[in-house]
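Structure first, commentary second.
The values are calculated or read from the model by the stated rules, or taken from the named source; none is laboratory data. Model, not experiment: these values are computed from the prediction. So basically every Cβ, Gly included, is an ideal-geometry build from the backbone, and we count neighbours across all protein chains shown. We work out accessible area using only protein heavy atoms, side chains counted, and drop any ligands, DNA or RNA first. Shrake-Rupley method; radii C 1.70, N 1.55, O 1.52, S 1.80 Å.
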Amino acid sequence: MRSTHAQVSIDFMIAITILSFGIVLIITQIPMLFAPFHTISTDIHAVAYRTSMILAEDAGIYCENESITSAWETAGETENRSRNFSFYRDKIANYLSNDRRIGLARNAPVWSSSEDAIPNNLSRRKIEALQDWWDDDANRSMLWEKLGLLVSYNGKPVNYSFNISLKGFNNTLIWDNSADKPLLQIGYPIPRGATVERIERIVAIDDCENLSNYTRIGDNECCGVLEICIWR
């Protein structure tokens, strides 16, 4: 007598189960297949953007004896043109370590909080201090921490390289004629073939004396482009 009930063999059920498990496993692993290609670029973009925000919109932090000020370039003192980076480095023992964060934004008026800054309006004194710090080979390595580029992931250091400069709108460096060198050009040459994240910020500079290759925009006499390039 012929049966009207369907039957599925145990071998077929086992094969379907194994196949289904394999498909699920492959689907769950697909994001990991592309992680090495996406993680680096995504990570570098965030780091480059954060660095541009700090430099263009933050005035920095100098902390000594629990007293905090944004005047990191002058160790919290009233600005004195006769004193430069070398003076503070040599005269104040802990000057470099007391500089907790480097920002280039100009300090707000005195009636504001000492930590306030004018976003996208850069202090030439801070710019010159950052350039002098980079030129100081003995203490150059400290800049990675001060710029927020010294980080670790799962207990391992992540090495970010950078190139930071101030350029005119014609893509050439803003030049300090009195020192006969670029106003700001720090970091390493940008490598070919690497994943490089580039952020550009239009900024004003508070002092145009002896500078060239800048542009006037509205009430801001001295304007240019702060260019931040990050790679690893």
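Quick notes
- Residue, farthest from the chain's Cα centre (by Cα), within segment 183-197, restricted to residues that are under 23 Å from Asp132 (Cα atoms) and in contact (Cβ under 8 Å) with a residue 40 or more places away in the chain: Leu183
- Given (1) open to solvent by 30 Å² or more (accessible area, probe 1.4 Å); (2) among the hydrophobic types (A, V, I, L, M, F, W, C); (3) at pLDDT below 95; (4) within 22 Å of Val203 (Cα to Cα), number of the condition Val151 does not satisfy: (4)
- The number of residues in segment 218-232 that are open to solvent by 10 Å² or more (accessible area, probe 1.4 Å), of a type in the set (Asp, Glu) and within 20 Å of the chain's Cα centre (by Cα) comes to 0.
- Hey, Ile68 touching a residue at least 24 places away in the same chain (Cβ under 8 Å), part of a strand (DSSP E or B), surrounded by fewer than 18 Cβ atoms within 10 Å (Cβ to Cβ) and within 25 Å of the chain's Cα centre (by Cα) or not: yes
- Summed over segment 104-136, the residues that are among the aromatic types (Phe, Trp, Tyr) and either at pLDDT below 90 or touching a His at 6+ places or on another chain (Cβ under 8 Å) (or both) give a count of 1.
Quick grid of which residues meet (1) under 16 Å from Pro189 (Cβ atoms); (2) in a helix (DSSP H, G or I); (3) of a type in the set (Gly, Ala, Ser):
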residue: Trp134; (1), (2), (3): yes, yes, no
residue: Asn139; (1), (2), (3): no, yes, no
residue: Leu143; (1), (2), (3): no, yes, no
residue: Gly148; (1), (2), (3): no, no, yes
residue: Pro157; (1), (2), (3): no, no, no
residue: Leu166; (1), (2), (3): no, no, no
residue: Asn170; (1), (2), (3): no, no, no
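- No other residue among Met53, Met13, Met32 is at pLDDT 90 or above and either touching a helix residue (DSSP H, G or I) at 6+ places or on another chain (Cβ under 8 Å) or in a helix (DSSP H, G or I) (or both) apart from Met53.
- Residues in segment 171-209 that are at pLDDT 95 or above and among the β-branched types (Val, Ile, Thr) were compared, and the one that is surrounded by the fewest Cβ atoms within 10 Å (Cβ to Cβ) is Thr172.
- Condition check for Ala93: open to solvent by 50 Å² or more (accessible area, probe 1.4 Å), in a helix (DSSP H, G or I), without any contact (Cβ under 8 Å) to a residue 40 or more places away in the chain and small (Gly, Ala, Ser): no
- Any hit, segment 105-113, residues being at negative phi, among the basic types (Lys, Arg) and under 17 Å from the mean Cα position of the chain (by Cα): no
- Options Leu143, Leu173, Leu96: the member that is within 15 Å of the chain's Cα centre (by Cα) and on the phi < 0 side of the Ramachandran plot: Leu143
- With respect to the conditions (1) in a strand (DSSP E or B); (2) modelled with pLDDT under 95, Phe162 falls short on a single one, namely (2).
- Options Arg106, Arg124; residue that is crowded, with 18+ Cβ neighbours inside 10 Å, out of contact with any Cys (no Cβ under 9 Å at 6 or more places or on another chain), farther than 20 Å from Ala48 by Cβ and of a type in the set (Lys, Arg): Arg106
- Hits in segment 156-170 (condition: within 16 Å of the chain's Cα centre (by Cα) and either surrounded by 14 or more Cβ atoms within 10 Å (Cβ to Cβ) or among the hydroxyl-bearing types (Ser, Thr, Tyr) (or both)): Tyr160, Ser161, Phe162, Asn163, Ile164, Ser165, Leu166
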